[in-house]
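Have a look at the structure below before the remarks.
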Amino acid sequence: MGIYIQDITSKSAKIASTDLIEIAQVSGATYISRKVTGSEINELSLDTTPQLGGNLDVNGNSIVSTSNGNITIEPNGTGDILLNADAVRIGDSNTDATIATNGTGDLILTTNQGAANQGVIRIYDGPNGNIELTPHGRGAVVIDITIETKAVAYTLVLDDNCKMIEMNTAGAVNLTIPTNAAQAFPIGSQILIAQYGAGQVTVVPDTGVTLRSSGGKTKLSAQYSLATLIKRASDEWYLSGDITT
């Protein structure tokens with residue numbers, strides 16, 4: 001096989017669209033050739049199985065698709081995709097982002113994969129699947145809680161979910177649970193209440209809200225007492241802890 005190149009531009013530049021290339025195959029007395037232009041050679045879409053001869057440098061550009069098409073990166077067999085970067089950002093601008101498994105597999109996040117000291121978060125697939133957090137050795141799962149101090153009577157708002165509301169007053173004070181229509185806390189929401197000051201804290205359900213507690217208790221017992229509110233239904237809450245009537 002031979003290649004005859006005619007009228008090629010400088011070797012330091014890529015093949016120009018006006019360049020003419022003749023490709024020939026010689027077998028004995030048989031000579032078959034075809035002339036192609038540089039524009040045909042430069043058209044990557046004509047190659048159905050393109051391969052790189054070196055690293056791909058995007059040179060500040062992006063890998064994009066058209067017509068809302070997906071971009072699929074699919075290693076062969078057991079090959080993996082390795083992202084050697086300190087940070088990976090996903091999602092379109094200002095929209096929710098989703099990380100999902102392709103099928104019924106569990107989603108596993110791990111540090112230092114394969115090492116003896118790795119930590120693992122595993123989200124099991126399937127109905128009622130568990131979420132496992134497995135620190136290494138004596139490591140603990142640490143969930144920090146935000147403490148917000150209130151010096152006057154206060155009505156709970158959505159942002160208080162999973163927080164501690166610390167009431168710090170000298171005199172008696174009310175903490176009010178709003179209706180679901182006013183503040184739509186998700187069912188299962190939990191709020192800690194602390195009485196930091198000397199003023200006794202009374203938990204007051206707003207009109208239409210039902211508060212469930214042992215013996216109908218609605219007050220924190222004393223200074224530094226703690227109690228927990230848990231939302232059971234749309235307008236129904238539990239109150240438990242160091243409480244009194």
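What follows draws every value from the coordinates through simple rules; no lab data is involved. Note that the structure is a prediction, hence the values are computed from the model and not measured. Because the Cβ atoms are built from the backbone with ideal geometry, glycine has one as well, and the counts that use them run over all protein chains shown.
With K and R counted +1 and D and E -1, the other residues having a Cβ less than 11 Å from that of residue 123 yield a net charge of -2. Compared with the alpha-carbon gap, the fully stretched path from residue 32 to residue 148 is longer by 33.4 nm at 0.36 nm per residue. The protection proxy used here, the mean number of other Cβ atoms lying within 10 Å of each residue, ranks peptides 104-110, 158-164 as follows, highest first: 158-164, 104-110. Averaged over residues, the count of other Cβ atoms within 10 Å places the peptides 53-60, 222-229, 118-125 in the sequence 222-229, 118-125, 53-60, highest first. The Cβ shell under 9 Å around residue 191 holds other residues with a net charge of +1, Lys and Arg each +1, Asp and Glu each -1. Labels on offer are (i) 267; (ii) 184; (iii) 138, and the one holding volume of the Cα convex hull per residue in Å³ computed from this structure is (i).
The lysine pair tally for the stretch 146-244, using Cα distances under 18 Å and a gap of 8 or more places or different chains, is 5.
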